[in-house]
Structures are given as structure tokens and as C-alpha cells.
1. Going by average Cβ neighbours within 10 Å, how do the peptides 381-388, 77-84, 444-451 rank, with the highest at the top?
2. Relative contact order for segment 127-277: what is it in percent, counting Cα pairs under 8 Å that are at least 6 residues apart?
3. Rounded to two decimal places and with Rh computed the Kirkwood way over Cα pairs, what is Rg over Rh for segment 391-462?
4. Checking the table LYS253/LYS316; LYS253/LYS327; LYS156/LYS427 against a 18 Å threshold on Cα-Cα, which pairs fail?
5. I'd like to know which of VAL388, ILE368, GLN442 lies farthest towards the positive end of the charge dipole of segment 329-442, counting +1 on Cβ of Lys and Arg and -1 on Cβ of Asp and Glu.
6. Students often check this: by mean Cβ neighbours within 10 Å, which of 155-164, 259-268 ranks highest, and how do the rest follow?
7. What are the ³J(HN,Hα) couplings of segment 440-452, residue after residue, when phi is run through the Karplus curve with 6.51, -1.76, 1.60 and θ = phi - 60°? Round to Hz, x for glycine and proline.
8. Mind listing the Cα extents of segment 124-181 along all three principal axes, in Å, largest one first?
Amino acid sequence: MIDVGDTFSPKVRRWRDVFWLAIFMLHLIALGFVLVLLGLNRFKKSDRLNIDRYTNRVWEHNNGLTENYWPNYAVAGGVGAALGWIWLLLLGSHANLMMKVSVHILTTYLAVISVLCFWCKQFFWGVAFATGAALQFLYVISVVDRLPFTMLVLQKAVKMVWSLPEVMRVAYAFMAVMLLWMGIWSFGAAGVVASSRGDLGRWWLLVVLSVSLFWTGAVLCNTIHVIVSGLVFLVLIHGGRNASPMPPNPLMKSLRYAVTTSFGSICYGSLFTAAIRTLRWKIRGFRSKIGNNECLFCCVDFLFQLVETLVRFFNKYAYVQIAVYGKGFNRAARDAWELFQSTGVEALVAYDCSGAVLLMGTVLGGLITGTCAGVWTWMTWSDRVIMVGSTAMLMGMVLVGLAMVVVESAVTSIYICYAEDPLLIQKWDPQFFNQMSEKLHQRLQHRSALAREILTQNQHDT
């Protein structure tokens, strides 16, 4: 079904989504300038650049300096990078154990942090983390029957990634790039925390900076996604890493396309895909456990249909199509989703929770990072614990996410290859192919039985 000549063809490699590429680059340049100003304003001297006069009617006589908080962010960067590197180092030998630990320990960790927040009289954050722990627990309970298949898919994805050592080098390189940017970002964030604005002004600035960091981190993660997906797709098409038909320097070719012609599509998709797919996982989990509450079911079903519509235009499988065929993001997302629906593989994709499991590991890494930075801040500047801890948590999530994305890229490539030509998976791993086919058959039968049950119920009601 796959025309190998169309994969990585320079003839179809045109610059896509250039507008979003320009927006992202302008955002980086403008934000970098603002971050340097915010950091310098409080570096070694209070209000060095006389910026505090522009505060909107809210003043604090704060003598804090950038260097008071910058080392705390350095700890966050170091801990986040260390957790990411440890994950990559243990990828081949203990990856499944680490993912199982992430699933089961995240709820407990959130609950512990909630208790600590209440102890520090931070009631809002205590309630927020307690709610997060409850939602995480309910989600795990709702998908516990899916975890064996999910772990199987993740195990095979790890097997694929482990056979491609150059993938690890790409992840390490991008983590180094992210650390360099975080050095600038944390310099400005430390200046904001030390500034004379009131708490409300500081929080708004930190929220804006955090959104920017999230977008930048998502762009780097998805750039790795495109690079790794392209490489994995080539390996599956040609039957192995060392197969004779493999094109020369596939990694460099995939890297070149990812950071040039396809980079605009990556910037565009990175704005929305993470939020939409996370919302989709949560709604799917709650939808399956609602029971007979028709009112609640109707509300959740409406949200579910809305999110499913958005998924057609923003899904992580688009990055495989971008990597291989050089498509724009929206077309790639639609093509991937139509491919899944036309082949029935969408039922298998919906059943798999590998993305959610990897996200749990990412969140756990961020929480550990935020805790380390927050504890140090509490020992020196107790009134700034939440500000530093929450932003440090985001830094940790971005760094650990850069390590996790190599496995997620392999998972998405496996599903796209299975949808386009199942024989590719059979040739790579016959036993895994049989397990996927059996599970797909079960899911399609389940959906058919559910559809008949709903139809019978509607006829009975009328």
C-alpha cells in the first residue's frame, strides 16, 4: 500500500505553515529580549533599569534580586535534565518498570504534595493538587483493563528505539538545546519573582512566561517526534536498520526536513495537540464509568463529540505524515485520522493508553523537579515557594518530556505502519502482529455489540 518512492521525496518537500514558523521565531526573539530585561533589572542591583515605575498601581518595597532565585531554577534544570538522562539510560533494561511506577505512584505523589501545601497554608494549591490526585486515581481505575495491552505496545516501541542508538543522541542534543534556552528563561523568571510587583502582577507575568516555555518545549519535543518517526518508518518499510534498500544517512535527512520545510507545521501543531489529546484521554476515561446517569452522560458525550472533532485536525499521528510525506499539519492530521477510521485501527488507537502513561511519567518527573526546587526555596525564601516550585515543575516536565517523546514517536509510527500496511509489522515482529490483530478484532466486535445494544435500546424506548 505504501509507495516507497514517495517517502522522504525532495519533490514534495515544500515549506509548510510558514506563518506559524514566523510567529514562533518572532516570539522567541521578542521573549528573549524581554527575559534579559526582566533578569537584568534585578541583577546585583534593585531596579537597575528603572522598570518598576511601570507597575500598574501595585507596589511592593521588595529588595529581592535575580541571583536570589536563579540558583533555585538551576537546581530545577539540573534535576530535570538528570531525570531525563536517567530515563534514556534505563530505556532498554527497565523502561516498563519505570512506566508502571509512574502510573501507580503519581496519585500518591500528588496527594503528598497536597498535604504539604495545606501544611504550608497554601489552601488553593492544596485543593488543586488534591483534585489532581483524585482525577488521576479515577482515570487509572477507568483504564486499568487497558494497561496490559498498553504495556505491550510500549515494550515493542522501546525495542524499536533501543535498536536505533542515534535516536538517543538526538534526544540528548535537544535536551542540551532546551537547557540553554531555560538558562535565559529562568533568568527572566527569577527577575519576575524578585520584582516589586504585587503577587497578582508577578503571577500574570509567570503565566505568560510559562505558556511560552510550554510552547517552546512542545516544539522541541515534536521536532524529535518528527525526526524519530521518520527514522522508525523507514526502518519498518525497509525491513530493518541494516537492510540494503535503506537510504544513506536517514537520520540527517529526517533532521534536515524537520528543522526546515516541516518546522512551521511542527510549530503550528505544538500549540494545540497536547492539550486536546490530554482532554480526550480524561473524557474517554470518565465516559466509560458514568453508568446510568443520563444527564451527566449527555453532557460528557457532547464534550466527547466536540473533542473528537478537534482530534481530526490536531493529533500526534500527524507528525508521522509530516516526517514521511512532508504534508502540512492539518492535512497530515486529517489523513492520519481518515486512515485509522477507514481501516478500523482507530478502535485500537482509542483503546491504547500509551500516550497517557508516558504523560504520567512526564508529570511525575516535573513534580519531583518542582519539589526539589521548592524545598530549597522554602529554606531561604518561604514566601516564594509556590512561584518557584510551580515554574520549576514546568521546566522538569519539559526536560523529561524530551526523553519520553522518543518512545511515543515509535508508538505512533507503529500504528501508522499497521494502518497503511499490516505486513510491515508482521515482517518486523510476527508475534506482535498477531497480538495487535487479535486485539483489533476484539475491539471491533465490542463496538459492533455496543452499537447493536444502543440501537435496540432506542427502538425499545420509541
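1. The peptides rank, most packed first, as 77-84, 381-388, 444-451.
2. Computed value for segment 127-277: 23 percent relative contact order.
3. Expressed as Rg/Rh, it is 1.26.
4. LYS253/LYS316
5. Going by the Cα projections, it comes out as VAL388.
6. 259-268, 155-164
7. Using θ = phi - 60°, the values come out as 4, 4, 4, 5, 5, 5, 4, 5, 5, 5, 5, 5, 5 Hz.
8. 42, 36, 7
The values are calculated or read from the model by the stated rules, or taken from the named source; none is laboratory data. Just so we're clear, the structure is a prediction, and the values are computed from it rather than from any experiment. Because the Cβ atoms are built from the backbone with ideal geometry, glycine has one as well, and the counts that use them run over all protein chains shown. Heads up: the accessible areas ignore ligands, DNA and RNA and are worked out on the full protein's heavy atoms, side chains in. Shrake-Rupley method; radii C 1.70, N 1.55, O 1.52, S 1.80 Å.
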